Each structure stands twice: as structure tokens, then as C-alpha cells.
Amino acid sequence: MNKVLKFNLVFLPLLALVLAGVAHIARDVLESNAREQILQIARLIMETASSSRTYTTKQVAPLLQRKNFKLQEAIAEFKKTLDELPKDADPSIPRDVHYRSAKLAYLMGQQRVLDGQKQLIDSVRNKPEELLDTEFHPQSVPAFAATEISHYLNEKYPDYTYKEATLNPTNPRDRSTDWEADVINQFRKSAVQTEYLGHRSTPAGETLVLARPLKVGNVSCLTCHSTPDKAPPEMRKVYGDGNGFNWALNDIIGAQVVTVPMSVPLALADAASGHLTTWLACAFFGIAICANAGLLLLLKQTP
């Protein structure tokens, strides 16, 4: 019995230490995997929003620009058709009384048609702005499109958010909060920083924050955001003259901000770690019992 006691005094603490180390390492691995999964979800939301911005810029906005161009082409084609219409009767028609009457009726009918077509052409030519689409379409703005898409996602997953936080936004809903302004100012201070990762405590639990800078990278942006007098009048009617102006090329005016809750993945990692610890504890007792039984059997067989 003294030999069994000495064995247990050495073996059991060593076994417990090994299993505790395994449990600790496994917990760290599970939590690290959970955090990596959260980060991947945040990156997926960010890339989805960026893709919607690209789609709007390359496919939606050009459609609106081509509408007026096609209308102008149609007017020009209509005028060309009018110019090609015959201005007089065929000179080969006989000049007797019967044909002269028919010719006169033909010319009068042609003239009425021509007069009507000329009136239409003149009305189009003199007031083309009435046919052109001058309405401001916010759906053609990349930031608006990305934000609207995120709102549909937010209806089903309210804890997952995307926002184009801006210090001086055109749309008041995009105005940055205090903590978002701090993130934006970090980007403004460091031109080489292209991404921000952080955590925030919310009533729903800990939240991962992923942010990327929003930079005025195209001169076309200044068409709407340099000074109010250069902005489209229809846009100013919608949003006014007080916000979203005085931007400059290469200025960092805001940030794309994604927030993802961490509570559920971390809770799953904790639950998995708890199950693993339970199984390791069962393994500890099983190994201890088997080791002691084997030792007793060996001692009985030893002379």
C-alpha cells in the first residue's frame, strides 16, 4: 500500500497538471477560432458593402447618364426622318385637271403632316430640358446603396451593422458618433493605416469593430461635394446646403464601420471548452483507476 500511495502522490498530480494544461490550451484555441470567425464575418460584411458600392458606380449610375443621351439621339433621328420626307409631289404626274386636283389634295395632306411634325420637333428642340431627367436619384450614390442594403440585412440580424460614418455627411443619418469620430481621426492622423480593429461594450455584450477609411479618391466626387453652387440643384433640394460640402481630393471624410456581436460565438467556444474539460476530468479519473489497478496487479505478481 505504501508503494501505491507513493505512486499516486507522484502520478496523480502530474496527470492533473498535464490534463489542466491540455484544457487551458484547448480553451485558448477554441476562443481564438471563435474570434477569427467573428472577424471573417465582419470582413464578409465589409466586402459585401464595398461590392455594392462598386456595382452602383459601374452599373447603376451609368444607366441614368445614358438615358438623356439616348433621348437626344432619338430627337436627332426624328429630325433626320423629317428632313427626308418629300417636300413636293412627283413631277412625273400628268398635269390634267384630275391629276392637278389629286396633286393639290396630296400636297395639302403632306403639308398638314409636315406642320404637325415640325411643331413637335420645335417643341422638343426649344424645351429639351423638359424631357431630360434632372431629378436627383440617391440610389445612384454608392454610399446610399451600400447603406440601404445593410438596412435590409439589419432587419433580420439587428446586432450586425454597417455604417458609412462621416464627419460632414450629406445625409444626416451618416453623421459619425463620438467613438466613430475617434476612429476616423485615427485614419486622418495616419495615412498608412488602412484598417482598424477594436472592441466595444454594448448592452448586448462585447462587439467587434472593423473599420476602413473613406477617402475622396475621385474628382467626380467633387461634382456634388466641393461647394454648394457646383452641386446638382435637385440634390440641394433634398439635403440642403449645410452639409456634405467643402470636401477636397484625397481627404479622409469618414470610415466604413462594421460591428459584429461576439457574445454568441464566444459563448459557444466557452460551452465547447466546458464539455472538453468535463471529458478530460472523466479521463483523469479513468486513467487514475486503470493505473492503480494495473499497479496493484503488478505488485501481486511480483514475488
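The residue list Thr177, Thr170, Thr161, Thr202 contains one member that is within 17 Å of the chain's Cα centre (by Cα) and among the β-branched types (Val, Ile, Thr), which is Thr161. Based on what the data block shows, is Ser190 open to solvent by less than 50 Å² (accessible area, probe 1.4 Å), out of contact with any Gly (no Cβ under 6 Å at 6 or more places or on another chain) and among the hydroxyl-bearing types (Ser, Thr, Tyr)? Yes, satisfied. The set of residues in region 218-245 being part of a helix (DSSP H, G or I), farther than 19 Å from Thr57 by Cα and open to solvent by 40 Å² or more (accessible area, probe 1.4 Å) consists of Asp229, Lys230, Pro233, Glu234, Arg236, Lys237, Val238, Tyr239.
Considering only residues in region 133-151 that are of a type in the set (A, V, I, L, M, F, W, C) and modelled with pLDDT under 85, the one that is nearest to the chain's Cα centre (by Cα) turns out to be Val141. Pro13 meets each of the listed conditions (1) within 19 Å of the chain's Cα centre (by Cα); (2) over 30 Å from Leu268 (Cβ atoms) apart from (1). In region 179-199, the condition of being at pLDDT below 90 and among the charged types (D, E, K, R) is met by no residue. Residues that are among the aliphatic types (A, V, I, L, M) and open to solvent by less than 60 Å² (accessible area, probe 1.4 Å) within region 257-274 comprise Val257, Val258, Val260, Met262, Leu266, Ala267, Ala269, Ala271, Ala272, listed in sequence order.
Looking at Ala248, is it open to solvent by less than 80 Å² (accessible area, probe 1.4 Å), assigned to a helix (DSSP H, G or I) and modelled with pLDDT of 85 or more? No.
Which of the residues spanning region 275-302 are in contact (Cβ under 8 Å) with a residue 12 or more places away in the chain and exposed (fewer than 11 other Cβ atoms within 10 Å of the Cβ)? Listed by number, the list is empty, since nothing qualifies.
Over 30 Å from Leu30 (Cβ atoms) and touching a Lys or Arg at 6+ places or on another chain (Cβ under 8 Å): is that true of Ile253 in this structure? Considered against the rule, which asks whether it is over 30 Å from Leu30 (Cβ atoms) and touching a Lys or Arg at 6+ places or on another chain (Cβ under 8 Å), Ile253 comes out as yes.
Residues in region 200-216 that are open to solvent by 60 Å² or more (accessible area, probe 1.4 Å) and in a loop (DSSP other than H, G, I, E, B) were compared, and the one that is modelled with the highest pLDDT is Pro203.
Scanning region 138-186 for residues that are in a loop (DSSP other than H, G, I, E, B) and farther than 12 Å from Gly244 by Cβ, we see that the one that is most open to solvent (accessible area, probe 1.4 Å) is Tyr157.
One residue alone among Leu268, Leu210 is in contact (Cβ under 8 Å) with a residue 40 or more places away in the chain, more than 24 Å from Ile149 (Cα to Cα) and not charged (D, E, K, R), and that residue is Leu268. Pairs linking a residue in region 9-29 that is small (Gly, Ala, Ser) to a residue that is part of a helix (DSSP H, G or I), with Cβ atoms under 7 Å and 6 or more positions apart or on different chains, are Ala16/Phe284; Ala23/Leu276; Ala23/Thr277; Ala23/Leu280; Ala26/Ser273; Ala26/Leu276. Remark: pairs (first residue in region 34-52, farther than 22 Å from Ser263 by Cβ and assigned to a helix (DSSP H, G or I); second residue open to solvent by less than 30 Å² (accessible area, probe 1.4 Å) and of a type in the set (S, T, N, Q); Cβ separation under 7 Å; 6+ apart in sequence or on different chains) = Ala49/Ser150; Ala49/Gln256.
The values are calculated or read from the model by the stated rules, or taken from the named source; none is laboratory data. Computed from a predicted model, the values in this text were never measured in an experiment. Virtual Cβ from ideal backbone geometry, glycine too; neighbours counted across all protein chains shown. Remember, those area values only see protein heavy atoms, side chains included, never the ligands or the DNA or RNA. Shrake-Rupley method; radii C 1.70, N 1.55, O 1.52, S 1.80 Å.
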